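Working notes, beginning with the structure itself.
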Amino acid sequence: MANYDFENILSPLDFEHLVKDLLSRELEVELMAFAEGKDKGIDLRYSQDNDSKIIVQCKRSKYINKKLLEEEVEKVAKLSPEKYYFVVSSDVSVEKVDLIKSIFSTWMTGDENIYSRNKLNGLLDKYPDIQQKNYKLWLNSSSIFSTLINQHLFERSKALVNSIQKYYKFYVRNQSINDAIDLLNEHNFVIISGIPGIGKTTLAKLLLWEYLQKDFEVIEIRKIIEGEQFLIENSESKQVFYFDDFLGENFLKFDVIEGRSYDLVLFINRIINSKNKILIMTTREYILKQAKEKYAKLNTGELDIYKYTLDLNNYTKRIKTLILYNHLYYSNVSQKHIKDIIDKKAYKRIINHKNYSPRIIEQMTIKLTGIPPNEYSEAFIENLNNPFGIWDRAFKSEISEGSKFTLFILLSMGAPILLSELRKALVYFYENSAQKNSIDFKPLDFKNYIKEQEDSFITLNLTNKGTHFVDFQNPSIKDFLLSIIKDDKEIVKIILSSSFYFNQLLYSINYLSSNFKNDSEIKKIISSIIIERFNDFERFSTIIIGLEFRENLKEIDILYELKDYLAFSKNKSLEKYLFEKFETLELKKLYRHEEKKYISFYSNFKDKLSISIYSIIENVFNNITWFENVRNFTSLKSISELAFSDFVKSNQAAIDDKLSSAIKKDIEFSDTKSSLEELKFELEDEIENLKNITSFHWEDVSEEIDDKISDIEEMKKEEVKKELSKDNIDKNVLKNDSDFDEDEYFKIELFR
């Protein structure tokens, strides 16, 4: 019979989840946790139509006194359930059971409404699948450990088992383990890969425990020959082999030097073709790519077929929350430190941080040293803001120079880029910088550089048009690379000189070279690049959430984007060149968004340009078709109030007609509530300007917009009614992960 001491092996949160699973099965209802802020001390309930039918109170405590029970009864009375269950983690005396029954007699029928340690252990025997699901129970089982330690295992395998016993409480079971087990069930073999710090080893250890439950012998190996010595083929013997970081230092030190790299593939095949044999391996993704390129015998499809890649998408908001909770609860972090996290609601910032990483969570909890409690939250966030330690070793010693500069060029894009467009940029880099600076970069190795880094530093995905695009695997990688570049003038010069795309150059000017913005040599390089390549610049495609957009790059786009740098640099030759380009533009041929850029550039440099403001006002007025043109027109008043007023006085009737027509056209062509609301907001913002130049009736226009919004909303209601009737949608759908509330897990009482 199970005999678990729940207080010593489960946190309050773990205990509540266990009770939820057990009583949901036993009572044949689906218990739900109370929402934070509404529970008034109640933990679980079963309800229909928002009325509480069943209430469950969980107490992970050895001491249940009369005062505590009397406080609870007041909360229960307010909810007025049909039934009430009291669950306590410890054993309860007969006298205490009678006291509980008497206090809660209104909602209790007898002893069956009270669950103590003994009864909970009985339910675990009754429902073994729940025991298996709550691995923190059976990982603590002494019977399992005695079985393992008595087997003929390596001493390091014993140490591995003890390590898992020590750290199991920090683990959180998630979908990753199910996905990996599916691969193992089908192939007997899995490679767990991913970026540094993502949780590869943790997942591997959880898998090992799954097989330990099934009486598998655990054998940790550090080179292939060890696995070969212990593999018992064609037998009923259950064996799980664990090879952590299999392409790391040990692989290079033993298997490659000894000429045994292909033996790895043979060993994998032996596992696949054996019965009751499992092989679990981990590696950093970029090392796997590198090894397959360097050692031809490893370049086999088998190493891809059986690969399971961990990334941040494997961690839902709920999983991230539980990982943080477990690490704070089970580590040696003091209550004062935890209180700082809770009081400042720093847990929200941590869980939702772009650089969230299980390794950083571990560093800031298990390995916490010397941080005062009142500074803990900020120190935690600072480590997430600057997680460079994870990437430093990999970048400096484990990828080629060609790959490093591939990353630098990708960084200079400032955004995801099509694979084909990145190739063009790298060829240009080779021709204009790599050869001159003796950089070990070869365009023909482009494919190898990408493979080496895929699923580690970078990721490849498909756009909606079916073309591959490249992006960084994690935002912290960009931060790390920027920390290298920002103070290295030579690398900045190389990147600037290698700018093939205009948006690449612009990002490099604004961000990568910001520490050298006053450097005369850098200024000279930038000016010469702009002048030399102005007519040849391209813009690489824009990719937003996988959607691919191709935009032509026009002269007005380049001039507008460079206006701030031009004003800052004060470079005479660059001014002369760009002003000449600007003065050749035909304003009457520009679209309204281009017209706005034209006006902005002119406003910045009007005293240095030979174009008359009067001609600009006339051309902008003649272009008026939409309300955006109207806003462009009224903005000219700030450039020259006198010229603008003269034009308005001379063209009042035409202005009334043009402006009225443009506004009506925008209303007519706006067919969504959001577009109409945006138009209304822009009109409100422009009211005073409009009233000053025309007889503008805002009330009439506002009413017309509101009427159209009402019509759209009415149509939407009818559509929803039809869909609900058609599909008979279940209203009791589960909340999405985006609705998950971290506050539920970060109450100080759940850490005591």
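The values are calculated or read from the model by the stated rules, or taken from the named source; none is laboratory data. The shown structure was predicted, so the numbers you read here are calculated from the model rather than taken from an experiment. All Cβ positions, even for glycine, are placed from backbone atoms using ideal geometry, and neighbour counts span all protein chains on display.
Key figures for this structure:
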item	result
All positions within region 588-606 that are basic (Lys, Arg) and touching a residue at least 40 places away in the same chain (Cβ under 8 Å)	Arg592, Lys597
Every residue from region 660-704 that is in contact with an Asp or Glu (Cβ under 7 Å, 6 or more places away or on another chain) and within 13 Å of Arg631 (Cα to Cα)	Leu679
All positions within region 261-284 that are at pLDDT 70 or above and part of a helix (DSSP H, G or I)	Asp263, Leu264, Val265, Leu266, Phe267, Ile268, Asn269, Arg270, Ile271, Ile272
Close pairs from region 644-667: first farther than 15 Å from Thr634 by Cα, partner outside any helix (DSSP H, G or I), Cβ under 8 Å, at least 6 apart	Lys665/Thr625; Lys665/Trp626; Asp666/Trp626
Members of region 471-493 that are modelled with pLDDT of 95 or more and buried (at least 23 other Cβ atoms within 10 Å of the Cβ)	Val492
Selection count where residues are in contact with an Asp or Glu (Cβ under 6 Å, 6 or more places away or on another chain) and of a type in the set (S, T, N, Q), scope region 537-574	1
Region 168-178, subset buried (at least 16 other Cβ atoms within 10 Å of the Cβ) and part of a helix (DSSP H, G or I), residue modelled with the lowest pLDDT	Tyr168
Residue that is nearest to Tyr745 (Cα to Cα) [pool: residues in region 8-20 that are of a type in the set (A, V, I, L, M) and at pLDDT below 90]	Leu13
Condition check for Tyr501: aromatic (Phe, Trp, Tyr) and in contact with an Asp or Glu (Cβ under 7 Å, 6 or more places away or on another chain)	yes
Qualifying position, being within 26 Å of Leu566 (Cβ to Cβ), over 45 Å from the mean Cα position of the chain (by Cα), of a type in the set (Val, Ile, Thr) and buried (at least 17 other Cβ atoms within 10 Å of the Cβ), among Ile693, Ile599, Ile617, Ile655	Ile617
Filter pass, Ser528 being at pLDDT 95 or above, assigned to a loop (DSSP other than H, G, I, E, B) and either closer than 21 Å to Val427 by Cα or not aliphatic (A, V, I, L, M) (or both)	no
Only listed residue being modelled with pLDDT under 70 and of a type in the set (Lys, Arg), chosen from Lys119, Lys158	Lys158
Any helices (runs of 4 or more DSSP H) falling wholly within region 395-467 and containing at least 3 residues that are in the same structural domain as Phe502 (by TED's automatic domain parsing) and modelled with pLDDT under 90	446-453
Residue tally, condition farther than 14 Å from Tyr565 by Cα, surrounded by 14 or more Cβ atoms within 10 Å (Cβ to Cβ) and small (Gly, Ala, Ser), over region 512-548	1
The listed residue being over 30 Å from Lys442 (Cβ atoms) and in a loop (DSSP other than H, G, I, E, B), out of Ile371, Ile381	Ile371
Gly197, sole failed condition from (1) in a loop (DSSP other than H, G, I, E, B); (2) modelled with pLDDT of 75 or more	(2)
Glu382 surrounded by fewer than 20 Cβ atoms within 10 Å (Cβ to Cβ), under 21 Å from the mean Cα position of the chain (by Cα) and modelled with pLDDT under 90	yes
Odd one out for Asn313 among (1) modelled with pLDDT under 85; (2) crowded, with 19+ Cβ neighbours inside 10 Å	(2)
So Glu521, is it at pLDDT 95 or above, assigned by TED's automatic domain parsing to the domain that holds Glu421 and part of a helix (DSSP H, G or I)	yes
Qualifying residue in region 411-431 (condition: under 26 Å from Leu384 (Cβ atoms), exposed (fewer than 15 other Cβ atoms within 10 Å of the Cβ), under 25 Å from the mean Cα position of the chain (by Cα) and not charged (D, E, K, R))	no
Residue satisfying condition, being within 29 Å of Glu684 (Cβ to Cβ), assigned to a helix (DSSP H, G or I) and at pLDDT 95 or above, within set Tyr577, Tyr602	Tyr602
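Residue-by-condition table, conditions (1) outside the structural domain of Ile323 (by TED's automatic domain parsing); (2) modelled with pLDDT of 85 or more; (3) part of a helix (DSSP H, G or I); (4) of a type in the set (Ser, Thr, Tyr):
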residue	(1), (2), (3), (4)
Met1	yes, no, no, no
Leu22	yes, yes, yes, no
Asp39	yes, no, no, no
Arg45	yes, no, no, no
Asp91	yes, yes, no, no
Lys101	yes, yes, yes, no
